[in-house]
Amino acid sequence: MPIQILVLDDEKIVGERLKASLEKEGHTLEIFINPVAALNRIKEKVFDVVVTDIRMDDVDGIQVLEEVRKKSQKTKVIMITGYATLEVARESLTKGAFDFIAKPFKLKEIRGAIQKAEDALQAEEN
C-alpha cells in the first residue's frame with residue numbers, strides 16, 4: 001500500500017537519500033529542509049507518516065510532532081536526532097511519537113521504522 005510521507009530534516013542529504021529509496025517502493029514523498037514550510041504543509045494535508053529531525057534552527061521536532069497530532073491522530077511520527085538523550089526520547093514518545101531513531105542512522109533503520117508505521121496503519125484500518 002503506497003503511503004504519503006513527509007520528511008523534514010535540515011540536512012538536505014537525508015531527505016534526498018530517503019526519497020530515492022522510498023519512492024522505489026511506491027511511496028509518495030515530500031521533502032522539506034525548512035521547518036516553517038513543512039509546518040505549513042502539515043496544516044494543509046494529512047500525511048500517513050512524518051519523519052522529522054528534532055534539532056533544527058527555527059522550530060524543533062517536538063513542535064512538528066504537536067502540529068501533526070493536532071491535524072491527525074492517525075499519522076505516525078518518526079523522530080530523528082543526533083542528540084539522542086533519554087529526556088528527548090521520553091518527551092517525544094509521551095507526546096505521541098511512533099518511533100525514535102538516533103543519527104547517524106542507516107537507511108534501512110528508517111525504512112524499517114516506516115515499514116512498522118505502514119503495518120500499524122494497515123492494522124488500524126482493519
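The values are calculated or read from the model by the stated rules, or taken from the named source; none is laboratory data. Remember, it's a predicted structure, so these values are computed and weren't measured experimentally. Note: ideal-geometry Cβ built from the backbone for every residue, glycine included; neighbour counts use all protein chains shown.
Taken across the range 11-28, residues that are of a type in the set (D, E, K, R), touching a residue at least 40 places away in the same chain (Cβ under 8 Å) and not in a loop (DSSP other than H, G, I, E, B) do occur, with at least one present.
Count of the range 1-27 residues, restricted to those that are loosely packed, with under 14 Cβ neighbours inside 10 Å and under 13 Å from the mean Cα position of the chain (by Cα), is 0.
Might you check whether a residue that is in contact with a helix residue (DSSP H, G or I) (Cβ under 7 Å, 6 or more places away or on another chain), of a type in the set (Gly, Ala, Ser), surrounded by 15 or more Cβ atoms within 10 Å (Cβ to Cβ) and at pLDDT below 90 occurs anywhere in the range 94-102?
Here is the first cut: in the range 94-102, the ones in contact with a helix residue (DSSP H, G or I) (Cβ under 7 Å, 6 or more places away or on another chain) are 95-101.
Now drop any that are not of a type in the set (Gly, Ala, Ser), which leaves 96-97.
Checking the rest, the ones that are also surrounded by 15 or more Cβ atoms within 10 Å (Cβ to Cβ) come to 97.
Of the ones still in play, those that are also at pLDDT below 90 are none.
No, every residue in the range 94-102 fails to be in contact with a helix residue (DSSP H, G or I) (Cβ under 7 Å, 6 or more places away or on another chain), of a type in the set (Gly, Ala, Ser), surrounded by 15 or more Cβ atoms within 10 Å (Cβ to Cβ) and at pLDDT below 90.
Any residue at all in the range 46-67 that's charged (D, E, K, R), over 14 Å from the mean Cα position of the chain (by Cα) and not in a loop (DSSP other than H, G, I, E, B)? No: the range 46-67 contains no residue that is charged (D, E, K, R), over 14 Å from the mean Cα position of the chain (by Cα) and not in a loop (DSSP other than H, G, I, E, B).
So, in the range 80-97, of the ones that are farther than 12 Å from Val49 by Cβ and among the hydrophobic types (A, V, I, L, M, F, W, C), which residue ends up nearest to the chain's Cα centre (by Cα)? Show your work before the answer.
Kept after step one, since they are farther than 12 Å from Val49 by Cβ, are these residues of the range 80-97: 80-96.
When the remaining residues are screened for being among the hydrophobic types (A, V, I, L, M, F, W, C), the result is 80, 84, 86, 88-89, 93.
Numbers: Ile80: 8, Ala84: 16, Leu86: 19, Val88: 15, Ala89: 14, Leu93: 13 Å.
Result: Ile80.
Scanning the range 87-114 for residues being outside any loop (DSSP other than H, G, I, E, B) and either closer than 26 Å to Lys70 by Cβ or touching a residue at least 40 places away in the same chain (Cβ under 8 Å) (or both) gives a total of 16. Just one of the listed residues (Leu18, Leu29, Leu86, Leu8) is among the hydrophobic types (A, V, I, L, M, F, W, C) and either out of contact with any Leu (no Cβ under 9 Å at 6 or more places or on another chain) or over 24 Å from Asp119 (Cβ atoms) (or both), namely Leu86.
Among the residues of the range 71-90, those identified as modelled with pLDDT under 85 and either out of contact with any strand residue (DSSP E or B) (no Cβ under 9 Å at 6 or more places or on another chain) or more than 22 Å from Arg41 (Cα to Cα) (or both) are Gly82, Tyr83, Ala84, Thr85, Leu86, Glu87, Val88, Ala89, Arg90.
When the residues of the range 73-90 are narrowed to those that are buried (at least 16 other Cβ atoms within 10 Å of the Cβ) and of a type outside the set (Val, Ile, Thr), which ends up nearest to Val7 (Cα to Cα)? Before the answer, list the steps.
So in the range 73-90, the residues buried (at least 16 other Cβ atoms within 10 Å of the Cβ) come out as 75-81, 88-89.
Then keep just the ones that are of a type outside the set (Val, Ile, Thr); that gives 76, 79, 89.
On the way: Lys76: 12, Met79: 10, Ala89: 19 Å.
In this case the residue turns out to be Met79.
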